[in-house]
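Visitor: For reference, the structure I am asking about is given below.
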Amino acid sequence: MTAWWDLIESARSACGERAGDRDPADDPLPDAVLDLVAALPPEEIIGFARHFSTVFDTAYLSPLWAAAYLIEGGCGDDGFMDFRSGLMLQGRAAFENAVADPDSLADLPVVRRMATTGKGWLGCEEMLYLPRHAYVRRTGSGDAYDAAFDGPTERPAPARGDRWDVEDDSEMHRRLPRLAALFLTS
């Protein structure tokens, strides 16, 4: 759904340079997306939510989870949910590149800043609830959202793709060389 990604890009454009190098303390991007989604008719907000679920699930990949583990210094189930939703905010190209090659995350300014300064954040828990919040803002009813949204209730399990020991630095260097160069000292 090109329109879905166009909406994300519109929000990114509205945030200017801050869209690519996010910081949780004053990140304007989730609110910019929320404003755009809440302006949609209710049925389009539901469409946004359905597409969100589809995009979200395409990133449920073990190699991407390993990359998140490396970038964040650890990453459990909830953290990986936040990571994938925040990755969407990086835009379609960054998202699709990361799904195809998690090591491409080394190209993102926020990831490089996290590696060099320890500041910044890629994840975004707010995005997980954004469609519902937009619907409530638009219609005043969370119950109506729950009744209208018939998206997946269960996530795919387990994560797809190759798995390896994320605590094995040599394996991380072999499989994610650019990220390992940024985040591992050995």
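Visitor: Does segment 91-98 contain at least one residue that is aliphatic (A, V, I, L, M) and buried (at least 16 other Cβ atoms within 10 Å of the Cβ)?
Guide: yes
Visitor: Take the residues of segment 11-38 that are over 15 Å from GLY123 (Cβ atoms) and open to solvent by 60 Å² or more (accessible area, probe 1.4 Å): which is modelled with the lowest pLDDT?
Guide: Checking each candidate, the answer is ARG18.
Visitor: Let me ask something else about it. Which of the residues spanning segment 137-156 are open to solvent by 50 Å² or more (accessible area, probe 1.4 Å) and at pLDDT 90 or above?
Guide: ARG137, ARG138, THR139, GLY140
Visitor: Next up: Identify, please: which residue in segment 157-182 is of a type in the set (A, V, I, L, M, F, W, C) and either in contact with a helix residue (DSSP H, G or I) (Cβ under 7 Å, 6 or more places away or on another chain) or surrounded by 15 or more Cβ atoms within 10 Å (Cβ to Cβ) (or both) and is, among those, farthest from ALA67 (Cα to Cα)?
Guide: Here the answer is ALA159.
Visitor: Take the residues in segment 53-68 that are aromatic (Phe, Trp, Tyr) and surrounded by fewer than 21 Cβ atoms within 10 Å (Cβ to Cβ); name whichever of them is nearest to ARG138 (Cα to Cα).
Guide: Out of the qualifying residues, it is PHE56.
Visitor: Going by the conditions given, is ALA134 surrounded by fewer than 17 Cβ atoms within 10 Å (Cβ to Cβ) and either among the acidic types (Asp, Glu) or modelled with pLDDT of 90 or more (or both)?
Guide: Spelling it out, it is not the case that ALA134 is surrounded by fewer than 17 Cβ atoms within 10 Å (Cβ to Cβ) and either among the acidic types (Asp, Glu) or modelled with pLDDT of 90 or more (or both).
Visitor: Answer yes or no as to whether GLU126 is among the charged types (D, E, K, R) and either in contact (Cβ under 8 Å) with a residue 40 or more places away in the chain or under 16 Å from LEU89 (Cα atoms) (or both).
Guide: yes
Visitor: If THR2 satisfies every condition in (1) among the polar types (S, T, N, Q); (2) at pLDDT below 90; (3) under 28 Å from ARG178 (Cα atoms) but one, which is the exception?
Guide: It is condition (3) that THR2 fails.
Visitor: Test each condition in (1) under 24 Å from LEU182 (Cα atoms); (2) in a helix (DSSP H, G or I); (3) basic (Lys, Arg) for ARG50 and report the one that comes out false.
Guide: Unmet condition: (1).
Visitor: Against the condition more than 17 Å from ALA100 (Cβ to Cβ) and either touching a Lys or Arg at 6+ places or on another chain (Cβ under 9 Å) or among the basic types (Lys, Arg) (or both), how does ALA49 come out, does it pass?
Guide: Yes: the conditions hold for ALA49.
The values are calculated or read from the model by the stated rules, or taken from the named source; none is laboratory data. What you see is a predicted model; the values in this text were computed from it and never measured. FYI the Cβ positions are ideal-geometry reconstructions off the backbone, even for glycines, and counts take in every protein chain you see. The area values use the complete protein model at the heavy-atom level, side chains included, leaving out ligands, DNA and RNA. Shrake-Rupley method; radii C 1.70, N 1.55, O 1.52, S 1.80 Å.
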